[in-house]
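Here is the structure we will look at.
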Amino acid sequence: MKPGVIIGLAALVQALTEVRRLASQGQWLETSVLPLLDSLLAFDAESAEAVYGGLPTLQPSLTRLVALLSGRDNDVELLRMLQMVLQLERQLARRPRVGQAIAAGLADSERAVNTLGRLHDTVIERFAGIYGAHLSTLKPRVMVTGEP
(Lines give C-alpha, C1' and ligand atoms only; values in the text may rest on other atoms or scores of the structure.)
Protein backbone atom coordinates (compact mmCIF):
# COMPACT_ATOMS: atom_id res chain seq x y z
CA MET A 1 0.00 0.00 0.00
CA LYS A 2 1.30 3.45 -0.89
CA PRO A 3 2.29 5.74 2.01
CA GLY A 4 -0.18 8.42 0.86
CA VAL A 5 -3.03 5.92 1.06
CA ILE A 6 -2.02 4.86 4.56
CA ILE A 7 -1.81 8.49 5.67
CA GLY A 8 -5.23 9.19 4.15
CA LEU A 9 -6.75 6.18 5.92
CA ALA A 10 -5.20 7.28 9.22
CA ALA A 11 -6.70 10.74 8.73
CA LEU A 12 -10.06 9.13 8.07
CA VAL A 13 -9.76 7.09 11.27
CA GLN A 14 -8.93 10.31 13.11
CA ALA A 15 -11.91 12.13 11.59
CA LEU A 16 -14.33 9.32 12.40
CA THR A 17 -12.98 9.08 15.94
CA GLU A 18 -13.61 12.78 16.47
CA VAL A 19 -17.09 12.57 14.92
CA ARG A 20 -17.93 9.80 17.37
CA ARG A 21 -16.43 11.80 20.26
CA LEU A 22 -18.52 14.83 19.28
CA ALA A 23 -21.67 12.70 19.00
CA SER A 24 -21.16 10.99 22.36
CA GLN A 25 -19.51 13.71 24.44
CA GLY A 26 -20.50 16.93 22.71
CA GLN A 27 -16.89 18.00 22.21
CA TRP A 28 -13.87 17.21 20.10
CA LEU A 29 -10.16 17.05 20.72
CA GLU A 30 -8.88 20.25 19.11
CA THR A 31 -5.37 18.89 18.46
CA SER A 32 -6.95 16.07 16.45
CA VAL A 33 -9.42 18.24 14.56
CA LEU A 34 -7.16 21.13 13.52
CA PRO A 35 -4.97 19.13 11.11
CA LEU A 36 -8.12 17.69 9.55
CA LEU A 37 -9.61 21.15 9.04
CA ASP A 38 -6.29 22.36 7.64
CA SER A 39 -6.33 19.49 5.17
CA LEU A 40 -9.52 20.84 3.62
CA LEU A 41 -7.53 23.80 2.32
CA ALA A 42 -4.25 22.05 1.50
CA PHE A 43 -4.70 22.36 -2.26
CA ASP A 44 -1.03 22.44 -3.23
CA ALA A 45 0.60 20.29 -0.57
CA GLU A 46 3.89 18.67 -1.56
CA SER A 47 3.04 15.33 0.05
CA ALA A 48 0.37 13.47 1.96
CA GLU A 49 2.26 14.24 5.17
CA ALA A 50 2.22 17.94 4.35
CA VAL A 51 -1.57 17.88 3.91
CA TYR A 52 -1.90 17.20 7.64
CA GLY A 53 1.07 19.22 8.87
CA GLY A 54 3.34 16.20 9.28
CA LEU A 55 3.02 12.66 10.59
CA PRO A 56 3.06 13.56 14.31
CA THR A 57 -0.46 15.03 13.98
CA LEU A 58 -1.71 11.62 12.84
CA GLN A 59 0.45 9.33 14.99
CA PRO A 60 -2.31 8.05 17.31
CA SER A 61 -4.52 7.34 14.30
CA LEU A 62 -1.71 5.62 12.41
CA THR A 63 -1.25 3.34 15.42
CA ARG A 64 -5.01 2.74 15.60
CA LEU A 65 -5.17 1.98 11.86
CA VAL A 66 -2.46 -0.67 12.23
CA ALA A 67 -4.38 -2.19 15.15
CA LEU A 68 -7.62 -2.20 13.15
CA LEU A 69 -6.02 -3.78 10.09
CA SER A 70 -4.15 -6.39 12.13
CA GLY A 71 -7.23 -7.40 14.11
CA ARG A 72 -5.87 -6.22 17.48
CA ASP A 73 -8.61 -3.57 17.57
CA ASN A 74 -12.01 -4.83 16.53
CA ASP A 75 -14.09 -1.68 16.93
CA VAL A 76 -16.93 -2.86 14.72
CA GLU A 77 -18.68 0.51 14.62
CA LEU A 78 -15.52 2.33 13.52
CA LEU A 79 -14.79 -0.33 10.88
CA ARG A 80 -18.37 -0.05 9.58
CA MET A 81 -18.13 3.73 9.34
CA LEU A 82 -14.73 3.48 7.66
CA GLN A 83 -16.13 1.09 5.05
CA MET A 84 -19.13 3.33 4.38
CA VAL A 85 -17.00 6.45 3.95
CA LEU A 86 -14.75 4.59 1.51
CA GLN A 87 -17.86 3.59 -0.47
CA LEU A 88 -18.90 7.24 -0.55
CA GLU A 89 -15.44 8.21 -1.75
CA ARG A 90 -15.80 5.80 -4.68
CA GLN A 91 -19.16 7.36 -5.56
CA LEU A 92 -17.68 10.84 -5.36
CA ALA A 93 -14.80 9.80 -7.63
CA ARG A 94 -17.38 8.88 -10.28
CA ARG A 95 -18.97 12.34 -10.03
CA PRO A 96 -16.29 14.84 -11.03
CA ARG A 97 -18.69 17.79 -11.11
CA VAL A 98 -19.59 17.24 -7.48
CA GLY A 99 -15.89 17.07 -6.60
CA GLN A 100 -15.29 20.31 -8.50
CA ALA A 101 -18.16 22.00 -6.67
CA ILE A 102 -16.74 20.89 -3.33
CA ALA A 103 -13.28 22.16 -4.29
CA ALA A 104 -14.76 25.51 -5.35
CA GLY A 105 -16.67 25.80 -2.08
CA LEU A 106 -13.55 25.05 -0.07
CA ALA A 107 -11.52 27.58 -2.06
CA ASP A 108 -14.20 30.19 -1.38
CA SER A 109 -13.99 29.37 2.32
CA GLU A 110 -10.24 29.96 2.47
CA ARG A 111 -10.58 33.73 2.92
CA ALA A 112 -12.95 33.24 5.87
CA VAL A 113 -10.49 30.79 7.44
CA ASN A 114 -7.63 33.26 7.01
CA THR A 115 -9.69 36.12 8.45
CA LEU A 116 -11.66 34.42 11.23
CA GLY A 117 -9.69 31.26 12.05
CA ARG A 118 -10.35 27.58 11.46
CA LEU A 119 -12.68 27.05 14.40
CA HIS A 120 -14.84 30.15 14.01
CA ASP A 121 -18.55 29.38 13.84
CA THR A 122 -18.86 31.01 10.41
CA VAL A 123 -16.08 28.82 9.01
CA ILE A 124 -17.55 25.63 10.47
CA GLU A 125 -20.96 26.65 9.07
CA ARG A 126 -19.41 27.09 5.62
CA PHE A 127 -17.85 23.64 5.77
CA ALA A 128 -21.17 22.21 6.95
CA GLY A 129 -22.93 23.97 4.08
CA ILE A 130 -20.57 22.39 1.56
CA TYR A 131 -21.24 19.00 3.10
CA GLY A 132 -24.99 19.57 3.08
CA ALA A 133 -25.11 20.77 -0.49
CA HIS A 134 -22.86 18.18 -2.07
CA LEU A 135 -22.13 15.16 0.12
CA SER A 136 -25.21 14.58 2.24
CA THR A 137 -27.16 13.38 -0.79
CA LEU A 138 -24.85 10.43 -1.45
CA LYS A 139 -25.75 6.96 -0.26
CA PRO A 140 -25.15 5.01 1.91
CA ARG A 141 -25.57 7.46 4.75
CA VAL A 142 -23.07 7.13 7.56
CA MET A 143 -25.07 6.90 10.76
CA VAL A 144 -23.36 8.03 13.94
CA THR A 145 -24.83 7.15 17.30
CA GLY A 146 -24.50 9.49 20.23
CA GLU A 147 -26.07 11.84 22.71
CA PRO A 148 -26.86 15.28 21.21
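Key figures for this structure:
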{"item": "Tensor-based shape of the range 81-148 (alpha-carbon gyration tensor, a/c under 1.5 rounded, otherwise prolate or oblate)", "result": "oblate"}
{"item": "Whole-number D in µm²/s for the chain (Stokes-Einstein; Kirkwood sum over Cα pairs; 25 °C, 0.890 mPa s)", "result": "151"}
{"item": "Ordering of 102-108, 6-12 by burial proxy (mean other Cβ atoms within 10 Å per residue, highest first)", "result": "6-12, 102-108"}
{"item": "Two-decimal Rg/Rh across the range 1-50, once Rg and the Kirkwood Rh are taken from alpha-carbon atoms", "result": "1.03"}
{"item": "Low-density loop positions, GluC sites (Glu not before Pro), the range 29-120 - DSSP coil, at most 15 other Cβ in 10 Å", "result": "Glu46"}
{"item": "List Asp121, Asp44, ordered by accessible area with a 1.4 Å probe, largest first", "result": "Asp44, Asp121"}
{"item": "Trypsin sites (Lys or Arg not before Pro) within the range 1-92, DSSP loop, no more than 11 other Cβ atoms inside 10 Å", "result": "Arg72"}
{"item": "The range 1-88 shape via C-alpha gyration tensor axes, a/c threshold 1.5", "result": "oblate"}
{"item": "Simple spin-label estimate for Glu77 and Thr122 in nanometres, 7 Å along Cα-Cβ", "result": "3.6"}
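The values are calculated or read from the model by the stated rules, or taken from the named source; none is laboratory data. Remember, it's a predicted structure, so these values are computed and weren't measured experimentally. All Cβ positions, glycine included, derive from the backbone under ideal geometry; neighbour counts span all protein chains shown. Surface accessibility is based on the protein's heavy atoms, side chains included, excluding ligands, DNA and RNA. Shrake-Rupley method; radii C 1.70, N 1.55, O 1.52, S 1.80 Å.
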